[in-house]
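Working notes for the structure below.
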Amino acid sequence: MNVILIALIALGAIGLIGSLLLYLVAKQFYVYEDPRVGQVEEALPGANCGGCGFPGCHGMADACVKAKDAKGELGDLFCPVGGNDVMAQVSSLLGMEAAAADPKIAVVRCNGNLCSRPKVAVFDGAKSCAIAASTFSGETGCAFGCVGLGDCVKACQFDAIHMNTETGLPEVDEEKCVACGACAKACPKFVIEIRKKSAMAKAPTAKRVWVSCINKDKGAVARKACNNACIGCGKCQKVCKFDAITVENNLAFIDSEKCKACGMCVAECPTGAIHATEPVMAVVEKLKAKKAADAAKAKEEAAKKAAEAKAAAEAAPAPQPVAEKVAEAPKAEKQ
Amino acid sequence: MLNVSLSPHVHSGNSTRKCMAQVLVALVPALLWSFYQFGIGALIVTLSSVAFCVLFEFLITRFLLKTPTTVGDLSAIVTGVLLAFNVPSNIDIWILAIGALFAIGVAKMSFGGLGCNIFNPALAGRIFLLIAYPVQMTTWPTEAGYADVATGATPLALIGQYVNGADVTIPSIVDCLVGNTGGSLGEVSAIALLLGGCYLLFRKTITWHIPVSVLLSAFVFGFLFFGFDAKLAVEELLCGGMMLGAIFMATDYVSSPMNSRGQLLYGVCIGFLTMVIRRYGAYPEGMSFAIFIMNAFTPLINKYVKPQRFGVVKK
Amino acid sequence: MKTFKLGGVHPAANKLSDKAPIVVAEVPALVAIPMAQNLGAPSKAIVAKGDKVKVGTPIGEPGGFLSSFVHSSVSGTVDKVDVVEDATGKKVPAVFIKVEGDEWEESIDRSKDIVKEIKLEKQEIIDRVKAMGIVGMGGATFPTQVKLTPPPTAKPECVIINAVECEPYLTSDHSLMLAHPEEICIGVRILEKAMGVKKAYIGIEANKPDAIELMTKTAAAGYPEIEIVPLKLKYPQGGEKQLINAVIGKDVPSGGLPIATGALVQNVGTAFAVYEAVQKNKPLIERIVTVTGKSIKKPSNFLARLGVPIQNLIEAAGGLPDDTGKVISGGPMMGKAMPDTNSYMVKGCSGILVMRNEEARRKEASPCIKCGKCVQACPMGLQPLFLAVYSEKNMLDAAEEERIYDCIECGSCSFSCPANRPLLDWIRQGKPKVMGILRQRAAEAKAKADAAKAAAK
C-alpha cells in the first residue's frame, strides 16, 4: 500500500513539475502568428520546392498575408506548383479576387545531341555539371550548350526531368513539370528557361515554339561545333508575322508572350534549332511539305527557264550569267 | 581526345583495398601465434569466420541491395579475421555464423556498408555473441585443438580474483607478453600484436594517436584502480583484448574520430572506460564495451573537436 | 631542415627535365598574345589591325586596378584582334601579330652585362614594374606592382623568395636559378628596396642541391642580407602561407594578407623578371617553361616568347605522343588540364605536362571510409571530407563553420584519398559560394556601420 502511495505521489509530482515547466516555457517563448498564415499554408501544396522564390511554403504564406495587408493584392506572388487553382484558393482565403497567370514549363534550350555535337575532349571529374562547367569550356566545341551530367535531374523534386541516354540531353516531362525553376537555377550554363507553357491557353495540348540553342558564337563557329546550332541567320525573324523573334549576338530568341505558335519559323530554320511541341509540328510538317513542293515547282520552272535560256543562248551567247545564277539557287538553300 | 578534370592530376595510388590489405598483413603475426597456441581450432575458426563474413556481404549486396558487390575491398575479410580473433578457439561454427551475420548484416550493411557504419562490425559481432552466448564465449581453451580441449580462466579473470583477495597465482609478464596464456583466439600474444601495430605505423596505415593514448590512459587508470601496483597495471595492458583493441579495433577508420585531437580524446576515454569496467564492472574484460561506447561518441567528437587550424590563434 | 607545420604530402617528384639546359624556343610566323594574362581584370588591347610593333611595344593596358600591361613579344604587324582559347578552352581576346624580323625597342638594354647598381628609388621601381607588365610568375599571375604596394598598416620586415618548386615535374625555376643566380640576387635586392626592408630569404627544396649550393655561393659573394633556406621536401611548400611558415615560422592569420607576418613572398621567376625590368628596361615578353612528361621524348626547359602556340613547344620537345591522355598547363598538383593544345603561351604558364592515357584517368570513386588521411594531409588544418560533403549538399553554413574559406586548393586531400574521392572538385564548388556570403555580410555590416555613423552625425 505504502509502495503504491509513494509511486503515485512521486509520479504525480514529476508530472506536475513537468507540466508547469512546459507551461512556463510555452508562455515565455510564445510567438504570435497571424492565423491566416496557417490557413494559407494549408492551401499551398506543401512541396517546399522554392519555386515561388521563398525557402518554403510557410515563407510564401507569410509573404501572401503580408502582401495582402500592405498592398491589398498578391502582385507577383505565384505558386507555380499549385497554379491558378491554388492561387484562387489563397486569394479567396484572404478575401481577394484571383488574378490568373499563364501556366509555365521548363524548356531545355539546347539540342546539341550526341550525333550533332561531336566530342573534342573528355571530362574526367566528379559527375556534376557545375564542376565540369567551372573546369573548362566543355566536352564539345560548343561552350554554351548542355553539359549533360544531370544537375537539373538532381535538382528536380517532382521527377519531371530526365536524361535521355540517346541524345545525352535532359527531357522535361510535360505532365509532371510544375515550373518551379529548380532545374533552371541548377544549370551552370543557363540552358533551361521557364517559359509560357502554351501559346494558346485554351488548346488541349500545349502549343509552344522555342529556339533550342543558346550559342552566341558567330554562325560559322557555332555550326562547326554543332549541326543543330542557331547560327543567327535571321530567317526566322523575317518570316515571323507577329514580331515575336529577335536576333541578338548571333542568337534568335522567341518572345513567348508574342508567339502564336504558327510554326513558320520552325519550318524556315535551316539548322533545325527551333523546336516546337507536337501539335505545332503537325502544322510545320504541312508547311515544310508545301515549301518542298514550292521549291520543286520553282526548280522545275527554273529548269524550264534554263532550257529556254540555253535555247536562246544557242541562238545568241549573251545570257550565260543568268543560267549560272539559277543553278546556284537550290544549292544555297541546302546549306 | 584529351581528358580534362580539375587538379590534382596525380594520385598517391593508395586505395581502400590497399589499406585493408595492410591491416591483414599486420594481423599475420598474431594469427600465426594463435595457430601455434591453439592449433587446429584457431585455423577452423578463422577460416570459417572469414568465409561467413565474405559470404554474407556478397549475398546482401547481390540479392538484398542489388548493388555491385563490395567484397573486393577486402573489408569483409578484415572483419572476419577480427571477429575470429575475438572469440575462443573452440567456439561452435554455428555461433560464429550468427556472429558474422550480425557483424556484416546488422552492424555494417544495414547502415549502408563500409564507411557508413557507426560501430566496428567485428566488435558489434563479438558483443552480440558475448551477450547471447555468454557460456560459450567465456570458456577459454588452454591448449591446442578444437573439440574437447581443456579450458580455464583467462589471466584477466585471475587478476580480478587476485585483486579481490582470492589466493590465485597470476601469470607472469613474460607469459602475457609472448601469449602463453588462455584467452580469445587472437588477443593472447601482445608481442605479435605490437609487431603488427609497428607495421601499420610504418606503412602509415594508422597514426600513433589512438593506440598510444589508449594504452597510456589504460596504464594510468589501471595504476590508480589496481592499488597503485605498477606490475598489475602492466599486466592489464598485456592481457585480454587490450592490445588487440588498442591497435586493431579502436583504430578502425570508420568508427574512430577524424583528426588527431579527437583521436587522442577517444583513446583516453577508451582506456579509462576499459579500466572502469575491468575493475568495477561485472565482466572481467572491458575493452570491447569501451570501444563500442566510444564508437557511439565518435560523431559527437567529430562535431566538437576540430583539428589544429592554420592561422587561427586562440583568443 | 625546415618545413611547414601542418599536413602535406609527398608526390613523386619526377623532375625529368632536371638537367636540361634552357633552350631558346623558335619564334613562329604568327603569334597570338592573349589579353588575359594576369589575375584580376583582363588587359585592354591598345593596338589595331595594321599597326607596326617592335619587341617590347605595349599592346595592352591594364583593364582595372588589379591588372597589368601586356607587351608585344615579337616585331611585326598586328594581323587582327580576335579571340583565342585560353588553357581551359574559354575564349579570351588576343592580339595576333605577323612576325617580321626581330627588332627590339631601343630603350631595352640587350647586352649580356649584369647591372648591379640599383639607380631607381622605391616608387620608381614600383612604377617600372607596373609599366613592364610584371606579374607573379609562379602561376597565380598576381600583378606584382599591387603586391609591392601593401596597405599602409602593414609593416614589411623581409622578402621571401619562393624557389621551392614543389610541383612535381616542373623545373623552370630550377633551371633559372642555375642560369642566372647573380641576376636573381640583384632582383631580390630591388624587391627589398621597393619594400624598404633589409632582409631576404630564398627558400629552396632539398631536391635541388646544385641550386642551393650555387645560390648560397652567389649570395655569400656579395649579398650578405640574402639567406638561402634549404627546405625539407614536402608539398605544398610553395604555397605562400606554407612557405612563410616554413621559412620564418609565422602563421598568416586566417582571412588576412600574408604581409601581416611582415613577409613579402615573390617567386624566383618574378625576381628575375623584376631585375630585367628595372635594370635592363625589358618588359615581360618571355619566360622559362618546362615541357615534360614521361612519354615526351626530350623533356626540356624553353625560353619562350609570350604568344607562341603551345603546340610548337610540344613539337620542339619531340611532339605529342599518340597515347597522350592529358595535357596540363602547370604542374600536376595545381595545373589546369587543357581540352586541346590550341592555346598560346602566357605569363603564368610555368610548364606543359603531357600525361599518358593510363596516368591521366582518374580511378572510380568509392565510398568514403572516414580514414582521415585527407585531414592528415591538409596543410591548412581543415577536414576536407566534411567540406566536400557540405559543398555537394550545398550546406553552406556548415561549410563556413568548417572554415572552407581557408582552403588553398592545393589538392593534397584528393591526392591522398584512398577512396579516390574528388574532394577538391567539390570544395571548389562550395568555397566561392561561402566567400560570396562572407563578402556580402561584410558589405552589409559596413553599410550598417556607415549608416549608424551618418545617423550619429
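The values are calculated or read from the model by the stated rules, or taken from the named source; none is laboratory data. All values derive from a computational prediction rather than experimental measurement. Here the Cβ is made from the backbone with ideal geometry for all residues, glycine too, and neighbour counts use every protein chain on show.
Check region C:348-358 and report whether any residue there is without any contact (Cβ under 8 Å) to a residue 40 or more places away in the chain, farther than 16 Å from C:Leu16 by Cβ and within 14 Å of chain A (Cβ to nearest Cβ). Yes, because at least one residue in region C:348-358 is without any contact (Cβ under 8 Å) to a residue 40 or more places away in the chain, farther than 16 Å from C:Leu16 by Cβ and within 14 Å of chain A (Cβ to nearest Cβ).
Contact map, region B:197-223: first residue assigned to a helix (DSSP H, G or I), second residue acidic (Asp, Glu), Cβ cut-off under 8 Å, separation 6 or more or different chains; pairs are B:Ala218/B:Glu236; B:Phe219/B:Glu236; B:Gly222/B:Glu236; B:Phe223/B:Asp229.
Please specify each residue of region B:224-234 satisfying the condition of being surrounded by 17 or more Cβ atoms within 10 Å (Cβ to Cβ) and in a loop (DSSP other than H, G, I, E, B). Listed by number, the list holds a single entry, B:Phe226.
Entry remark, region B:235-263: residues being within 13 Å of chain C (Cβ to nearest Cβ), over 16 Å from the mean Cα position of the chain (by Cα) and in a helix (DSSP H, G or I) number 3 in total. Which members of region B:275-315 meet the condition of being away from chain C (no Cβ under 14 Å) and surrounded by fewer than 17 Cβ atoms within 10 Å (Cβ to Cβ)? Listed by number, the residues that qualify are B:Val276, B:Tyr280, B:Gly281, B:Ala282, B:Tyr283, B:Ile293, B:Ala296, B:Phe297, B:Leu300. Kindly list, by first and then second residue, each pair from a residue in region B:1-24 that is more than 7 Å from chain C (Cβ to nearest Cβ) to a residue that is acidic (Asp, Glu), limited to pairs with Cβ atoms under 8 Å and residues at least 6 apart or on different chains. Note: pairs meeting the criteria are B:Arg17/B:Asp73; B:Met20/B:Asp73. Taken over region C:8-29, the criterion of being surrounded by 14 or more Cβ atoms within 10 Å (Cβ to Cβ) and more than 22 Å from the chain's Cα centre (by Cα) is satisfied by C:Val27, C:Pro28.
Condition check for C:Ala337 on (1) surrounded by fewer than 21 Cβ atoms within 10 Å (Cβ to Cβ); (2) within 30 Å of C:Val268 (Cα to Cα): one failure, at (1). Restricting the first member to region C:114-138 and to residues that are touching a residue at least 40 places away in the same chain (Cβ under 8 Å), and the second to residues that are surrounded by fewer than 16 Cβ atoms within 10 Å (Cβ to Cβ) and among the small types (Gly, Ala, Ser), the beta-carbon pairs closer than 7 Å and six or more apart or on different chains are C:Lys122/C:Gly196.
Taking region C:359-374 as the range and being at the interface with chain B (Cβ under 7 Å from one of its Cβ atoms) and touching a residue at least 60 places away in the same chain (Cβ under 8 Å) as the test, only C:Arg362 passes.
Based on what the data block shows, is C:Phe96 within 20 Å of the chain's Cα centre (by Cα), of a type in the set (Phe, Trp, Tyr) and not assigned by TED's automatic domain parsing to the domain that holds C:Lys250? Let's see the steps before the verdict.
Working: within 20 Å of the chain's Cα centre (by Cα): no; of a type in the set (Phe, Trp, Tyr): yes; not assigned by TED's automatic domain parsing to the domain that holds C:Lys250: yes.
Judged against the criteria, C:Phe96 is not a match.
Being aliphatic (A, V, I, L, M) and modelled with pLDDT of 90 or more: is that true of A:Ala276 here? Quick ask: steps written out before the conclusion?
On the way: aliphatic (A, V, I, L, M): yes; modelled with pLDDT of 90 or more: yes.
When the stated conditions are applied, A:Ala276 passes them.
Across region C:416-456, the number of residues qualifying as out of contact with any Phe, Trp or Tyr (no Cβ under 8 Å at 6 or more places or on another chain) and within 14 Å of chain B (Cβ to nearest Cβ) comes to 15. Which strands (runs of 3 or more DSSP E) does region C:212-315 wholly contain that include 2 or more residues that are more than 22 Å from C:Met355 (Cβ to Cβ) and not basic (Lys, Arg)? In region C:212-315, C:226-231, C:263-267 are the strands (runs of 3 or more DSSP E) which contain 2 or more residues that are more than 22 Å from C:Met355 (Cβ to Cβ) and not basic (Lys, Arg). Could you tell me which residue of region C:248-262 is surrounded by the most Cβ atoms within 10 Å (Cβ to Cβ), considering only residues that are in contact with a Lys or Arg (Cβ under 9 Å, 6 or more places away or on another chain) and under 11 Å from C:Cys158 (Cα atoms)? Ranking the candidates gives C:Thr261 first. Per the listing A:Lys71, A:Lys104, A:Lys66, the residue uniquely under 23 Å from the mean Cα position of the chain (by Cα) and either more than 14 Å from chain C (Cβ to nearest Cβ) or within 29 Å of A:Gln39 (Cβ to Cβ) (or both) is A:Lys104.
When region B:127-160 is examined, which residues are found to be more than 19 Å from B:Val188 (Cβ to Cβ) and at pLDDT 80 or above? First the steps, then the outcome.
Restricting attention to region B:127-160, the residues satisfying the condition of being more than 19 Å from B:Val188 (Cβ to Cβ) are B:127-128, B:131-135, B:147-148.
Answer for region B:127-160, where residues must be more than 19 Å from B:Val188 (Cβ to Cβ) and at pLDDT 80 or above: B:Ile127, B:Phe128, B:Ile131, B:Ala132, B:Tyr133, B:Pro134, B:Val135.
Residue by residue, here is whether (1) buried (at least 24 other Cβ atoms within 10 Å of the Cβ); (2) of a type in the set (Ser, Thr, Tyr); (3) free of Cβ contacts under 8 Å to residues at least 24 places away in the same chain holds:
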{"position": "B:Leu43", "(1), (2), (3)": "no, no, yes"}
{"position": "B:Ser75", "(1), (2), (3)": "yes, yes, no"}
{"position": "B:Asp92", "(1), (2), (3)": "no, no, no"}
{"position": "B:Ile118", "(1), (2), (3)": "no, no, no"}
{"position": "B:Gly125", "(1), (2), (3)": "yes, no, no"}
{"position": "B:Thr138", "(1), (2), (3)": "no, yes, no"}
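Among C:Ala20, C:Ala13, C:Ala87, which is in a loop (DSSP other than H, G, I, E, B), within 14 Å of chain A (Cβ to nearest Cβ) and in contact (Cβ under 8 Å) with a residue 60 or more places away in the chain? Give the derivation first.
Working: C:Ala20 fails: within 14 Å of chain A (Cβ to nearest Cβ); C:Ala13 fails: within 14 Å of chain A (Cβ to nearest Cβ).
Being in a loop (DSSP other than H, G, I, E, B), within 14 Å of chain A (Cβ to nearest Cβ) and in contact (Cβ under 8 Å) with a residue 60 or more places away in the chain holds for just one of C:Ala20, C:Ala13, C:Ala87, which is C:Ala87.
Checked against (1) of a type in the set (Gly, Ala, Ser); (2) crowded, with 17+ Cβ neighbours inside 10 Å; (3) within 14 Å of another protein chain (Cβ to nearest Cβ), B:Ala107 meets all criteria but (3). B:Val25 meets all of the listed conditions (1) surrounded by fewer than 20 Cβ atoms within 10 Å (Cβ to Cβ); (2) more than 21 Å from the chain's Cα centre (by Cα); (3) of a type in the set (Val, Ile, Thr) but one, namely (2).
The number of residues in region B:185-196 being in contact with a Ser or Thr (Cβ under 8 Å, 6 or more places away or on another chain) and either part of a helix (DSSP H, G or I) or polar (S, T, N, Q) (or both) comes to 1.
Can you confirm whether C:Ser412 is among the hydroxyl-bearing types (Ser, Thr, Tyr), in contact with a strand residue (DSSP E or B) (Cβ under 6 Å, 6 or more places away or on another chain), touching a residue at least 40 places away in the same chain (Cβ under 8 Å) and crowded, with 22+ Cβ neighbours inside 10 Å?
Working: among the hydroxyl-bearing types (Ser, Thr, Tyr): yes; in contact with a strand residue (DSSP E or B) (Cβ under 6 Å, 6 or more places away or on another chain): yes; touching a residue at least 40 places away in the same chain (Cβ under 8 Å): yes; crowded, with 22+ Cβ neighbours inside 10 Å: yes.
It is true that C:Ser412 is among the hydroxyl-bearing types (Ser, Thr, Tyr), in contact with a strand residue (DSSP E or B) (Cβ under 6 Å, 6 or more places away or on another chain), touching a residue at least 40 places away in the same chain (Cβ under 8 Å) and crowded, with 22+ Cβ neighbours inside 10 Å.
The condition of being surrounded by fewer than 21 Cβ atoms within 10 Å (Cβ to Cβ) and more than 22 Å from B:Pro88 (Cβ to Cβ) holds for only one of B:Ala144, B:Ala166, that being B:Ala166.
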